[in-house]
Amino acid sequence: MIRPKNEKEIEAMRQAGALANHVLLETAKSIQPGVTTEEIDQIAAKCIEGLGAKSAFIGYKGYPCYTCISVNEEVVHGIAGSRRIDVGDIISLDVGVVYGGFIGDNALTVAAGGCTVEKQALMDVTETSLQKGISQAVVGNRVSDISRAIQEYVEANGMSVVREFVGHGVGRSMHEEPQIPNYVDGGSSPRLKAGMTIAIEPMVNLGAPEVQILQDGWTVITRDQKPSAHFEHTVLVTDGEPEILTCATRMVLKDTERS
Ligand code: MF3
Ligand code: CO
């Protein structure tokens, strides 16, 4: 059963979402040629700590970092380390925070010091596909309407969606029902209800959709080693327009943590 959230839970999700987006945007500023991925992860860790929040990722099924940092052909779940970012790399940064018992989950892909036209198109198509998916997150639609909007836009642009990893309900737990695939499989699909909070996260490949997991047990890469991009927002289904919860401009800290 998918239980929609009540007003109090939604307010807590707004807070967690705002913080998650603040950390994402602040950390993204540090993504420049010459920086290592573990430096980026540490910047995020400090930012999260400074807000009185916690990373939703570290320790999750043994995941070793505060964020996921995936470079070029890495799709998602890239592990921070001594790798130095190079000019022209595209970096997917995924940030999830826990605050007040609730989770905000979001991601974006940026280029370090400019990139090829192809990579820029990949990032643009992925970000727009997320917007197309979000616009379908309305009462009366099914999850598959979100999936279809993403897949159709991506494939119309000659790119492909990853099948093995999907978006998800999010709340007190990072992965709640329902799953939000970025493709349509023709099976039954749940109806969206007001109060549902979902993470929509297209992972888009410039080449073929197939992926594989590296020896580290986490890092997902494209089989053809062509680049991949990832954008994610946590979204609230309402009786009106979908509300993007991972929106830093709505950040309100608890009084004790202000100053
Ligand atoms: N946004 C990703 C997800 O929804 C982050 C999970 S990463 C993990 O699955 F490392 F914590 F697993
Ligand atoms: Co997610």
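Just for region 145-167: of the residues that are buried (at least 21 other Cβ atoms within 10 Å of the Cβ) and of a type outside the set (A, V, I, L, M), which one is farthest from GLY240 (Cα to Cα)? Result: SER160.
Determine whether ILE90 is in contact with a Lys or Arg (Cβ under 8 Å, 6 or more places away or on another chain) and at pLDDT below 95.
Spelling it out, it is not the case that ILE90 is in contact with a Lys or Arg (Cβ under 8 Å, 6 or more places away or on another chain) and at pLDDT below 95.
Could you count how many residues in region 51-69 are of a type in the set (Lys, Arg) and within 9 Å of ligand 1 (Cβ to nearest atom)?
The first filter runs over region 51-69 and keeps only residues of a type in the set (Lys, Arg), leaving 54, 61.
Retained after the next criterion (residues that are within 9 Å of ligand 1 (Cβ to nearest atom)): 61.
Adding up the residues that qualify gives 1.
Among the residues of region 84-98, none is identified as touching a Leu at 6+ places or on another chain (Cβ under 7 Å) and more than 16 Å from ligand 2 (Cβ to nearest atom).
Can you tell me how many residues in region 1-14 are out of contact with any helix residue (DSSP H, G or I) (no Cβ under 8 Å at 6 or more places or on another chain) and at pLDDT 95 or above? Break it down stepwise before answering.
From region 1-14, those out of contact with any helix residue (DSSP H, G or I) (no Cβ under 8 Å at 6 or more places or on another chain) are 1-4, 6-13; that's our starting set.
Of the ones still in play, those that are also at pLDDT 95 or above are 4, 6-13.
So the count comes out to 9.
Residues of region 54-73 that are within 16 Å of ligand 2 (Cβ to nearest atom) and under 20 Å from SER129 (Cα atoms): SER70 alone.
Among the residues of region 165-212, those that are of a type in the set (Asp, Glu) and within 16 Å of ligand 1 (Cβ to nearest atom) comprise GLU176, GLU177, GLU201. Pick out the one residue from GLY101, GLY96 that is closer than 22 Å to GLU176 by Cα and buried (at least 24 other Cβ atoms within 10 Å of the Cβ). It is GLY96. Screening PRO202, PRO181 for residues that are within 16 Å of ligand 2 (Cβ to nearest atom) and without any contact (Cβ under 8 Å) to a residue 40 or more places away in the chain leaves exactly one candidate, PRO181.
I want to confirm something. Restricting to region 126-136 and keeping residues that are touching a residue at least 40 places away in the same chain (Cβ under 8 Å) and surrounded by fewer than 21 Cβ atoms within 10 Å (Cβ to Cβ), which single residue is farthest from ligand 1 (Cβ to nearest atom)? Steps first, answer last, please.
Our first condition is that a residue be touching a residue at least 40 places away in the same chain (Cβ under 8 Å); within region 126-136, this holds for 126-127, 129-130, 133-135.
Those still in the list that are surrounded by fewer than 21 Cβ atoms within 10 Å (Cβ to Cβ) too: 127, 134-135.
Details: GLU127: 16, ILE134: 16, SER135: 21 Å.
Here the answer is SER135.
LYS46 - would you say it is charged (D, E, K, R) and within 16 Å of ligand 1 (Cβ to nearest atom)? Here the answer is no, as LYS46 does not meet what is asked. For beta carbons closer than 8 Å, sequence separation of 6+ or different chains, a first residue in region 99-119 that is free of Cβ contacts under 8 Å to residues at least 24 places away in the same chain and a second that is surrounded by fewer than 18 Cβ atoms within 10 Å (Cβ to Cβ) and not in a helix (DSSP H, G or I), the qualifying pairs are ALA111/GLY88.
The values are calculated or read from the model by the stated rules, or taken from the named source; none is laboratory data. Nothing here was measured: the structure is a model prediction, and the numbers come from that model. FYI the Cβ positions are ideal-geometry reconstructions off the backbone, even for glycines, and counts take in every protein chain you see.
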